[in-house]
Amino acid sequence: MLMLGAAMPAVAALAAERMRDGAAEKAELAASVERGRYMIVVGGCNDCHTDGYILGAGDVPEEKWLAGSAVGFRGGWGTSYPTNLRLYMRDLSEDDWVELARTMETRPPMPWFNVRQMTEDDLRAIHRYVRTLGPAGYPAPDALPPGEEPKTPWFNFQPVMPRKTG
């Protein structure tokens, strides 16, 4: 019985250490999620992946962020639609997202080449943030090939030459 009593301070110290480690892990995760939110904002992800974000000067409630859009971007590649990242990342592991971000090549206007330049920590933070939002909305429409007329609103993403005058 005496030995058990002598071991109690060591057990209590180990439990306290694990609690501190758990608190540190929670704080680290919270900081990573906040970093992901920051990356979403400064990376311009909401500009396309959140309906009304640009036209509303960013004044869209956060609970509506990254749910994709049925407003297309039409150019020489056809018409592309911003993916609903909340649904997309729901079933994508963090490791799978990092690998995808390193190899993706998508249709315009998605700046996949910029995503490739992000650090692994930033990519993981983005994934963690998007996952905290939870699923919402609907999948974006499928991309259309060149020449096929969209049945949704779309932005013309092609240069237009000015008219010659005089």
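The table below lists the values:
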item: In order through region 140-155: 3J(HN,Hα) via Karplus (6.51 cos²θ - 1.76 cosθ + 1.60), integer Hz, x for Gly, Pro; result: 5, x, 5, 4, 10, x, x, x, 7, 6, x, 9, 10, x, 8, 9
item: The chain, relative contact order in percent, only Cα pairs under 8 angstrom and at least six apart counted; result: 29
item: Distance between modelled label sites at Tyr38 and Arg116, nm, 7 Å Cα→Cβ extension; result: 2.6
item: Kirkwood hydrodynamic radius of region 60-121, Cα pairs, Å; result: 13.1
item: Stretch gain in nm, segment Asp95-Thr165, where the contour uses 0.36 nm per residue and the Cα spacing is subtracted; result: 19.6 nm
item: Area accessible to solvent at Ile126, 1.4 Å probe radius, in Å²; result: 10
item: Dipole of the chain [Lys/Arg +1, Asp/Glu -1 at C-beta], most positive-end residue of Val42, Met110, Phe155; result: Phe155
item: Region 119-166: trypsin sites (Lys or Arg not before Pro) falling in loop per DSSP and having at most 14 other Cβ within 10 Å; result: Lys151, Arg163, Lys164
item: Lys, Arg +1 and Asp, Glu -1 on Cβ, resulting dipole of the chain about Cα centre, debye, nearest 20; result: 460
item: Histogram of C-alpha separations across the chain, 10 Å bin width, %; result: 9, 29, 27, 14, 9, 6, 3, 2, 0, 0, 0
item: Sequence of Asp121, Asp95, Asp47 when ordered by accessible area, the most exposed leading, probe 1.4 angstrom; result: Asp121, Asp95, Asp47
item: Stretch gain in nm, segment Thr103-Leu29, where the contour uses 0.36 nm per residue and the Cα spacing is subtracted; result: 24.1 nm
item: Relative contact order (percent, whole number), region 64-153, Cα cutoff 8 Å, 6+ residue spacing; result: 45
item: Degrees, to the nearest 10: 94-103 long Cα axis against longest axis of the chain; result: 40
item: Helix 2-42 vs. the chain, principal-axis angle (Cα, 0 to 90°, nearest 10); result: 10
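The values are calculated or read from the model by the stated rules, or taken from the named source; none is laboratory data. As the structure is a computational prediction, the values presented were derived from the model and not from experiment. All Cβ positions, glycine included, derive from the backbone under ideal geometry; neighbour counts span all protein chains shown. Just the protein is used for accessible areas: all its heavy atoms, side chains included, with ligands, DNA and RNA removed. Shrake-Rupley method; radii C 1.70, N 1.55, O 1.52, S 1.80 Å.
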